[in-house]
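The values are calculated or read from the model by the stated rules, or taken from the named source; none is laboratory data. Just so we're clear, the structure is a prediction, and the values are computed from it rather than from any experiment. Using ideal geometry, Cβ is built from the backbone for each residue, glycine included, and neighbour counts are taken over all protein chains shown. The accessibility values were calculated without ligands, DNA or RNA, using every heavy atom of the protein model including side chains. Shrake-Rupley method; radii C 1.70, N 1.55, O 1.52, S 1.80 Å.
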Protein chains: 2
Amino acid sequence: MMQPYINPSPFEWTSITERPTASYESIEPLVASVFKAVLEQGDQAIIDFTLKFDGIKKTDFKVSDDELENAASQVPENLKKAIQNAKANIECFHKAQLTDKVQVTTQTGVECWQEKKPIEKVGLYIPGGSAPLFSTILMLAIPAQIAGCKEIVMCSPPSKDGTLPAVVLYTAQLCGLKHVYKIGGIQAVAAMALGTQSLSKVHKIFGPGNQYVTVAKQWATRHQVAIDMPAGPSELLVVADASGNPDFIAADLLSQAEHGKDSQVLFVTTHKPLMKKVSEAIEAQVNELPRKEIALAALSNSKAIYFEEDSTAINFINSYGPEHYIICVENEELYLDKVINAGSVFVGNYTPESAGDYASGTNHTLPTNGYAKQYSGVNLDSFRKAITFQKITKEGIQLLGETVELMAAAEGLQAHKNAVSIRLKALENEI
Amino acid sequence: MMQPYINPSPFEWTSITERPTASYESIEPLVASVFKAVLEQGDQAIIDFTLKFDGIKKTDFKVSDDELENAASQVPENLKKAIQNAKANIECFHKAQLTDKVQVTTQTGVECWQEKKPIEKVGLYIPGGSAPLFSTILMLAIPAQIAGCKEIVMCSPPSKDGTLPAVVLYTAQLCGLKHVYKIGGIQAVAAMALGTQSLSKVHKIFGPGNQYVTVAKQWATRHQVAIDMPAGPSELLVVADASGNPDFIAADLLSQAEHGKDSQVLFVTTHKPLMKKVSEAIEAQVNELPRKEIALAALSNSKAIYFEEDSTAINFINSYGPEHYIICVENEELYLDKVINAGSVFVGNYTPESAGDYASGTNHTLPTNGYAKQYSGVNLDSFRKAITFQKITKEGIQLLGETVELMAAAEGLQAHKNAVSIRLKALENEI
């Protein structure tokens with residue numbers, strides 16, 4: 001079960017917060033060879049790799065309009081309603097992230113502004129495998145649509161029978177996706193990064209995946225493609241004081257632990273008795289889980305840490321930078337104020353992580369592995385870029401000109417200076 | 001001189017807009033070996049590489065408080081005033097990018113918000129070499145300070161006498177920098193990415209540099225460090241109609257061309273006679289330049305393109321995605337409306353690129369090499385990350401709970417479902 005720590009000193013924090021380091025370098029040659037083949041042979045390479053890696057003989061990997069439209073009839077009504085509810089909330093929160101143009105006159109006659117424009121072509125990777133992860137379609141396609149991306153390509157690995165699950169197709173269609181492909185793994189990422197006869201090259205690739213997809217996304221950056229963020233195993237940190245409910249906390253920790261054997265689960269508390277109670281609650285709940293083996297394996301790497309002081313607990317949490325961070329304490333404001341490094345934060349006893357995973361409105365594509373220290377989770381701006389503009393009047397360049405001339409000359413860039421001087425001279429002659 | 005194209009068809013655009021492809025893979029082994037040495041030997045490795053690569057024997061590579069404070073007396077008054085003027089404008093524009101918290105109730109009892117927090121530790125690389133590029137300090141340190149980054153490390157290669165130029169130190173001090181190091185090249189990037197005895201490991205590295213710095217920054221991403229953007233040679237595209245001033249345009253094209261032999265310069269016009277006039281103006285101006293050889297080399301790769309239609313010109317420009325984009329046309333609104341891919345845009349005859357390079361207020365750290373299609377230039381948000389929060393009330397989870405349960409079950413994640421069910425059950429029992 002969870003390994004307990006009592007008031008560990010900061011010297012121990014590094015080892016406590018250490019993530020399992022996975023080196024994927026051994027996969028790189030395989031990824032490179034798939035990219036090379038896709039670059040040279042296009043669609044034919046996709047067909048070959050789908051047979052080789054997935055054991056599926058497929059020549060028609062584009063999902064037809066009919067398939068998209070017919071999917072709805074195969075999804076239970078209550079599940080469709082649930083997906084629509086989640087969609088409405090995710091739309092609401094991501095639309096709220098639309099921003100006005102930023103515009104200022106920095107000095108007389110010098111107008112500067114910033115506008116955000118959609119990335120024209122984006123690619124969404126939706127993992128398949130053991131379960132249809134349709135929720136990720138909502139998390140990526142909704143902000144892409146709000147941002148105004150012109151072409152949204154989606155790839156997801158086909159099931160053994162060569163199809164995509166109805167709920168995946170339904171969600172894609174609900175989000176207005178038109179370019180959906182039954183392609184998975186490295187070859188899907190390569191297809192989106194390089195383009196083929198039937199698939200547009202995109203500018204940025206989003207979405208989670210296994211180690212092959214992770215390395216392939218990293219490799220794609222060598223081909224003028226951006227990616228949403230580096231990926232790692234999913235993580236949750238729960239902090240609680242005496243006000244925390246041990247059963248709820250145990251359920252949250254288990255919901256993270258069931259993701260995979262390499263999932264990271266940390267429980268931090270300032271109320272020592274809670275360590276034992278949460279442990280007991282986990283034992284009581286874990287046996288009911290279909291994914292019990294996975295959860296137990298993940299829990300064996302997990303830690304329960306007691307800190308006497310809130311301030312120490314907070315420092316520890318920021319030094320970890322959890323992907324998911326649940327706060328169940330009396331003094332919520334203190335903990336909220338001090339959040340520096342986290343992906344998504346869940347506040348109070350009635351805000352389970354799974355609410356944000358599916359339907360509260362926030363995005364579930366979040367930085368793991370400590371990357372919350374420098375990366376945002378996926379948000380509206382992940383699908384846009386900021387462009388700056390400036391317009392200078394005649395008076396403006398007369399007032400600003402000398403500054404530019406002096407700085408350009410001091411940097412030894414005479415032509416930069418000239419570009420200003422020639423205009424100042426023309427204005428002198430105008431008078 | 002510039003190679004002319006008349007109404008090229010879209011099939012030719014790819015080759016016209018092609019950038020020189022530089023493959024840096026041959027440098028990777030060297031970069032890897034420097035990183036390994038810095039990881040193992042820390043400061044001593046920095047000392048060794050500074051001797052080996054820069055020919056400078058240095059053991060004290062930290063700039064002292066005295067050095068920082070004394071620099072001001074060695075910089076001419078008018079240059080200091082110019083730097084202060086630029087600083088005020090850059091501050092004004094980047095402060096305007098501060099945003100409020102985004103907060104919405106997505107459905108009854110479900111509150112979601114997004115807050116931006118500073119990246120705690122950032123590293124700024126300021127290139128040295130032939131000239132002191134102090135303007136880049138302004139462009140990186142000012143937004144880092146506004147964002148509230150707690151620790152800002154700056155590295156810049158020492159001159160042959162082992163010092164940094166006074167104007168570089170003055171600018172660093174003016175921007176409130178306290179951790180300035182006389183370290184350049186690969187070893188500077190490695191030091192910031194890995195940390196040494198005297199230098200903090202940072203979370204994100206910013207700044208331009210030569211091919212060694214570029215590869216080192218890319219390599220740093222293997223060590224849990226983010227970078228501002230991939231780098232490439234600088235570029236400028238000018239579009240003009242009959243209202244464009246050929247002398248100004250020539251001066252702007254030359255200001256870009258003097259950067260380096262690999263600089264990219266494109267001139268697009270819908271007014272054919274301007275092609276010859278701009279060509280003549282370039283010939284008249286280029287001879288005066290101290291960096292004439294560089295400018296001529298860059299111009300030999302550059303292109304002048306005539307398009308009959310505005311709409312075609314605009315499509316072409318977006319397919320290129322210029323780092324710097326000057327618009328000198330009668331119908332400014334048309335061209336401004338249609339900007340999709342560009343780093344920074346300069347509007348009208350009196351807005352030279354060099355104004356934005358130094359002092360208008362916009363940032364000059366911009367995406368090159370077509371990366372404007374998916375990357376923003378450096379801006380305030382480059383130094384921050386967005387964190388999402390959610391708080392759900394008892395009523396909220398009662399209303400949203402079933403949606404989460406249904407979706408989690410459909411994805412085969414029972415523990416995710418349980419985390420909601422256990423709360424709903426507790427609430428039922430409360431009544």
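Using a 10 angstrom cutoff on alpha carbons, build the Gaussian network for chain A and name the most mobile of A:Lys116, A:Lys394, A:Lys36.
For chain A, modelled as a Gaussian network with Cα springs under 10 Å, the answer is A:Lys394.
Mean-square fluctuation check for chain B, GNM, Cα pairs under 10 Å: which of B:Pro273, B:Pro143, B:Pro158 is largest?
Answer for the Gaussian network model of chain B: B:Pro273.
If you roll a 1.4 Å probe over chain A with all protein chains in place, what percent of the accessible area is carbon or sulfur? Walk me through the numbers on the way to the answer.
On the way: 7770 of 15910 Å².
That fraction is 49 percent.
Rounding to the nearest 10 and keeping the result within 0 to 90°, find how far the Cα-based axis of helix B:414-430 lies from the longest principal axis of chain B.
Value to nearest ten degrees: 50.
Hey, which of these cross-link pairs are over 24 Å Cα-Cα: A:Lys36/A:Lys217; B:Lys101/B:Lys121; A:Lys62/A:Lys95; A:Lys217/A:Lys292? All intermediate terms of the calculation are to be shown ahead of the outcome.
Working: A:Lys36/A:Lys217 14 Å; B:Lys101/B:Lys121 22 Å; A:Lys62/A:Lys95 30 Å; A:Lys217/A:Lys292 31 Å.
Pairs exceeding 24 Å: A:Lys62/A:Lys95; A:Lys217/A:Lys292.
Quote the relative contact order of segment A:330-431 in percent (integer), defining contacts as alpha-carbon pairs under 8 Å separated by 6+ residues. Please report the intermediate quantities before stating the final value.
On the way: 59 pairs, mean separation 16.7, N = 102.
Relative contact order comes out at 16 percent.
Name the long-range amide H neighbours of B:Gln107: under 5 Å, sequence gap of 5 or more, or other chain; modelled H, no Pro or chain starts.
Close amide H contacts, sequence-distant or interchain: none at all.
Among A:Asp161, A:Asp252, what's the order by accessible area (1.4 angstrom probe), most exposed first?
Values: A:Asp161 110, A:Asp252 0 Å².
Largest accessible area first, the residues go A:Asp161, A:Asp252.
Between segment B:83-125 and segment A:224-255, what is the C-alpha centre distance in whole Å?
Cα centres, segment B:83-125 to segment A:224-255: 25 Å.
Going from most exposed to least, what order do A:Thr196, A:Thr105 have by accessible area with a 1.4 Å probe? Mind dumping the intermediate values first?
Values: A:Thr196 25, A:Thr105 75 Å².
Descending accessible area places them as A:Thr105, A:Thr196.
From the Cα gyration tensor of segment A:1-150, with a ≥ b ≥ c the square roots of its eigenvalues, which class applies: rounded if a/c is under 1.5, or else prolate if a/b is larger than b/c, or else oblate? Spell out each step's value before the answer.
On the way: a/c = 1.39, a/b = 1.09, b/c = 1.28.
Note, shape of segment A:1-150 comes out rounded.
Strictly over 27 Å apart at the Cα level, which of A:Lys80/B:Lys391; A:Lys391/B:Lys277; A:Lys150/B:Lys276 would you flag in this model?
Result: A:Lys150/B:Lys276 exceed 27 Å.
Highest GNM mean-square fluctuation, chain A, Cα pairs closer than 10 Å: which of A:Ile90, A:Ile397, A:Ile305?
Of A:Ile90, A:Ile397, A:Ile305, the Gaussian network model singles out A:Ile397 as fluctuating most.
So if R0 is 41 Å, what FRET efficiency would B:Thr108 and A:Glu308 give, r being the distance between their Cβ atoms, rounded to the nearest 0.05? Walk me through the intermediate numbers first.
Details: r = 39 Å, r/R0 = 0.94.
The calculated FRET efficiency here is 0.60.
To the nearest 100 Å², how much accessible surface do chains A and B cover up together, summed over both, with a 1.4 Å probe?
Values: alone 21070 and 21080 Å², together 31820 Å².
Summing both sides, the interface buries roughly 10300 Å².
Roughly what would the spin-label model give for A:Asn331 and A:Asn7, points 7 Å off Cα along C-beta, in nm?
Result: 1.8 nm between the two label points.
Determine the shielding of peptide B:220-227 by partner chains: average, over its residues, the number of Cβ atoms on other chains within 10 angstrom of each Cβ.
Numbers: counts 0, 3, 4, 0, 8, 3, 7, 1.
Mean shielding count: 3.
Tabulate in residue order the Karplus-calculated ³J(HN,Hα) for segment B:10-18, using 6.51 cos²θ - 1.76 cosθ + 1.60 with θ = phi - 60°, rounded to whole Hz; enter x for Gly and Pro.
x, 5, 8, 4, 4, 6, 5, 8, 5
When each copy gets a label point 7 Å from Cα toward the beta-carbon at A:Ser311, what are the spacings between them in nm, shortest first?
Label-point separations across copies, in nm and ascending: 6.6.
With everything on Cα atoms, drop me the angle between helix B:28-41 and the longest principal axis of chain B, reported from 0 to 90° to the nearest 10.
60
Distances from B:Ala297 to the same residue in each other copy, label points 7 Å out along Cα→Cβ, in nm, shortest first?
Output for B:Ala297: 5.6 nm, nearest copy listed first.
Just to verify a number: what accessible area does B:Ser26 come out at with the full protein assembly present, 1.4 Å probe, Å² rounded to tens?
Answer for B:Ser26: close to 100 Å² accessible.
Looking at chain A, send over the antiparallel percent of its DSSP beta bridges, to the nearest 5.
Numbers: 15 of 51 bridges.
Rounded to the nearest five, the antiparallel share is 30 percent.
Using alpha-carbon positions, what is the distance between the centroids of segment B:1-54 and segment B:384-431, in Å?
49
Apply the Karplus parameterisation 6.51 cos²θ - 1.76 cosθ + 1.60, with θ equal to phi minus 60°, to every residue of segment B:399-412 and state each ³J(HN,Hα) to the nearest whole Hz, in sequence, with x for glycine and proline.
7, 8, x, 4, 4, 5, 4, 5, 5, 4, 4, 5, 8, x
Please give the residues from segment B:74-88 for which the solvent-accessible area of heavy atoms, probe 1.4 Å, is smaller by at least 20 Å² with all protein chains in place than with the chain isolated.
In segment B:74-88, residues shielded by partner chains: B:Asn78, B:Leu79, B:Ala82, B:Asn85.
Taking a label point 7 Å from Cα toward Cβ, how far is B:Lys62 from its twins in the other copies, in nm, shortest first?
6.2
At 37 °C and 0.692 mPa s, what whole-number value in µm²/s does Stokes-Einstein give for the translational diffusion of segment A:268-418, with Rh from the Kirkwood sum over Cα pairs? Working shown, then result.
Values: Rh = 20.0 Å.
Translational D for this selection: 164 µm²/s.
With a ≥ b ≥ c taken as the square roots of the eigenvalues of the C-alpha gyration tensor of segment A:200-274, please select rounded if a/c is under 1.5 and otherwise prolate if a/b is larger than b/c or oblate if it is not? Walk me through the numbers on the way to the answer.
Numbers: a/c = 4.02, a/b = 3.25, b/c = 1.24.
In terms of gyration-tensor shape, prolate.
Check the straight Cα-Cα distances from A:Lys52 and name the aspartates and glutamates below 20 Å, setting aside those fewer than 8 residues away within the same chain.
Result set, ordered by chain and number: A:Glu28, A:Glu40, A:Asp43, A:Asp60, A:Asp161.
Assign one of three labels to segment A:381-424, namely rounded, prolate or oblate, based on the Cα gyration tensor with a ≥ b ≥ c the square roots of its eigenvalues; rounded applies when a/c is under 1.5, prolate when it is not and a/b is larger than b/c, and oblate otherwise. Show your work: numbers first, answer last.
Values: a/c = 3.32, a/b = 1.75, b/c = 1.90.
Oblate.
To one decimal place, what orientation-averaged projected area in nm² is obtained for the convex hull of the Cα set of segment B:176-233?
On the way: hull surface 16.6 nm².
Mean shadow area of the hull around the Cα atoms is 4.2 nm².
Per residue of the protein assembly as shown, what 222 nm ellipticity follows from adding -39500 (n - 2.57) for every DSSP H run with n ≥ 4, rounded to the nearest 500?
Values: 34 runs with 384 residues, N = 862.
My calculation for the protein assembly as shown gives -13500 deg cm²/dmol from helical runs alone.
When ligands, DNA and RNA are left out and all protein chains stay put, how many square angstrom of accessible area per residue does chain A have with a 1.4 Å probe? Spell out each step's value before the answer.
Numbers: 15910 Å² over 431 residues.
Counting only protein heavy atoms, the per-residue value for chain A is 37 Å².
Compute the signed sum of charges (Lys and Arg +1, Asp and Glu -1) over the other residues within less than 13 Å, Cβ to Cβ, of A:Ser9. Walk me through the numbers before you get to the answer.
Numbers: positive: none; negative: A:Glu12, A:Glu308, A:Glu309.
Overall, the nearby charge balance is -3.
Show me, for segment B:186-197, the HN-Hα J-couplings you get by feeding each phi into the Karplus relation (A = 6.51, B = -1.76, C = 1.60, θ = phi - 60°), rounded to Hz, glycine and proline as x.
Karplus values, whole Hz, x for Gly and Pro: 4, 5, 5, 5, 4, 4, 6, 6, 10, x, 9, 4.
Nearest 0.05, what FRET efficiency do A:Lys52 and B:Ser33 give at R0 = 41 Å with Cβ-Cβ as r?
0.65
Using alpha-carbon pairs under 8 Å, 6+ residues apart, how would you state the relative contact order of segment B:75-182 in percent?
Details: 137 pairs, mean separation 28.5, N = 108.
Contact order relative to length: 26 percent.
Give the relative contact order (percent, whole number) for chain B; include only Cα pairs under 8 Å separated by 6+ residues.
On the way: 802 pairs, mean separation 89.5, N = 431.
Dividing the mean separation by the residue count of chain B yields 21 percent.
Counting only other chains, what is the mean number of Cβ atoms within 10 angstrom of the Cβ of each residue in peptide A:130-138?
Numbers: counts 2, 4, 3, 4, 3, 7, 1, 0, 1.
Average per residue, whole number: 3.
How do A:Arg423, B:Arg222, B:Arg291, B:Arg19 stack up against each other in accessible area, from largest to smallest, with a 1.4 angstrom probe? Don't skip to the end; give the middle numbers.
Values: A:Arg423 0, B:Arg222 100, B:Arg291 55, B:Arg19 35 Å².
From most exposed to least exposed: B:Arg222, B:Arg291, B:Arg19, A:Arg423.
Give me the angle, in degrees from 0 to 90, between the Cα long axis of helix A:273-286 and the longest principal axis of the Cα atoms of chain A, rounded to the nearest 10.
The angle comes out at about 80 degrees.
So, in Å, what gap is there between the alpha-carbon centers of segment B:310-356 and segment B:170-213?
34
Can you pull the semi-axes for the protein assembly as shown, root of five times each eigenvalue of the Cα gyration tensor, sorted largest first, whole Å? It would help to have the intermediate numbers written out before the result.
Details: eigenvalues 448, 212, 123 Å².
Largest first, the protein assembly as shown gives 47, 33, 25 Å.
Just the number, please: Stokes-Einstein D of chain A in µm²/s, Kirkwood Rh from C-alpha pairs, 37 °C, 0.692 mPa s. Numbers along the way, then the final one.
Values: Rh = 24.4 Å.
D, rounded to a whole number, is 135 µm²/s.
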